[in-house]
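The values are calculated or read from the model by the stated rules, or taken from the named source; none is laboratory data. All values derive from a computational prediction rather than experimental measurement. Here the Cβ positions follow ideal geometry from the backbone for every residue, glycine too, while neighbour counts run over all protein chains shown. The protein model used for the area step is the full one, side chains on, heavy atoms only, and it has no ligands, DNA or RNA in it. Shrake-Rupley method; radii C 1.70, N 1.55, O 1.52, S 1.80 Å.
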Amino acid sequence: MNTSSPGATPGDITAETRKAFDAAAPVYDGAYEHLPGIQRIRAITRRIYLEHFAPGSRILELNCGTGNDAVFLAERGMRVLATDISPGMIAEAERKAQALAGVKGSVRTRIIPFDRISELRGETFDGACSNFGGLNCTERLEDVARDLALVIRPGGIFVATVMPPFCLWETASFLARFRWKSALRRLTPGGTLADLHGGHVRTFYFTPGRFRRAFSGSFTHVRTTGLAIFMPPPNFTRLGVLTGIMGGVDDIVAGIPLIRGIGDHYTVVLRRND
């Protein structure tokens, strides 16, 4: 991983993020969706979605990627507006939705980065979601919170899966290989450039407390669940028997305040204030 260059503008960050995800879009599912860690995080976040999103609900998905979660929700009777910064990812999501007769009319797509959510003003959603650290691609959480409050109805739920600034497994792995700078990469001021299929994505990391505070003006915290705490992160491909054993440990400790924020991700549930 390379640290970000100083002086990068928001426009630079948007352009490099779009370029990286456009390049990754055609191979993204093949590279990641089969990984046990990815599958486990998806399963947990989807259970949370179904706890809060009912059939018939209108859901706004941020950073929809190739559309896997949008299709999942549409198959369960929800109407989804799937948005992303990347035209390549949106094209993959559209292709996936169009190929499934049961969801063809239930998934709409739009190219909308985080700084243009306000363009949706006038629409009202029952809930919104953002999976796999999409919101780590912006440092302007307060702006996202303000704009989401314009389009999510009072009482509506926002579910976000976010990466924290300390990951137990990742840090231990780097330290074991004497890669001191990499072990602290999530704490880099101004964000870190994460590699993605030859491209780079500027990435910022937030503690659960920092994330909650950014949304506290218009949203109330419901719960936070740690993900991949003692279980290795999704990009650790040689999991073997650890998948079941450490996943079971995670299930026990995922809600403990001081522990839930030291995994590879955490999922936070917020309710739009009346």
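A Cβ-based charge dipole, computed about the Cα centre of the stretch 111-202 with Lys and Arg at +1 and Asp and Glu at -1, lands at about 480 debye. Under 18 Å from the 7 Å Cα→Cβ point of D274, by amide nitrogen: which residues of the stretch 140-156? Answer for this model: 152-156. Counted over the chain, the DSSP beta bridges are approximately 50% antiparallel. Against the main long axis of the alpha-carbon atoms of the chain, helix 141-151 sits at an angle near 20°. Over the chain, dividing the summed -39,500 (n - 2.57) contributions of all DSSP H runs of at least 4 residues by the number of residues returns a 222 nm mean residue ellipticity of -11000 deg cm²/dmol.
A protection proxy built from the mean count of other Cβ atoms within 10 Å ranks the segments 212-223, 81-92, 162-173, most packed first, as 81-92, 162-173, 212-223.
For Rg/Rh (Cα atoms, Kirkwood Rh), the listed values are (1) 1.05; (2) 0.94; (3) 0.97; which was obtained by calculation from the structure presented? Entry (2). For the stretch 111-223, the Cα gyration tensor yields ellipsoid semi-axes of 30, 16, 11 Å (square root of five times each eigenvalue, largest first, whole Å). Across the stretch 53-140, the relative contact order, built from alpha-carbon pairs under 8 Å that are at least six residues apart, equals 36 percent.
When the P(r) of the stretch 156-205 is calculated, the portion above 12 Å amounts to 69% of the C-alpha pairs.
Available extension along the chain between R146 and F166 is 4.5 nm, counting 0.36 nm per residue and deducting the alpha carbon span. Applying 1/(1 + (r/R0)^6) with r as the Cβ-Cβ distance of E33 and I259 and R0 = 30 angstrom yields a FRET efficiency of 0.65. The residues packed around D264, meaning those with a beta-carbon under 14 Å from its beta-carbon, carry a net charge of +3 if Lys and Arg are +1 and Asp and Glu are -1.
For the chain, the longest principal axis of the Cα atoms and the long axis of helix 10-24 meet at an angle of about 90 degrees. Expressed as a whole percent, the accessible surface of the stretch 42-152 that belongs to carbon and sulfur atoms is 48, based on a 1.4 Å probe. Summed over the residues of the stretch 1-154 and divided among them, the accessible surface reaches 43 Å² per residue at a probe radius of 1.4 Å. Note that the stretch 255-267 has calculated 3J(HN,Hα) couplings of x, 6, x, 7, 9, 5, x, 10, x, 6, 9, 9, 10 Hz, one per residue in order, obtained from phi through the Karplus relation 6.51 cos²θ - 1.76 cosθ + 1.60 (θ = phi - 60°); glycine and proline are x.
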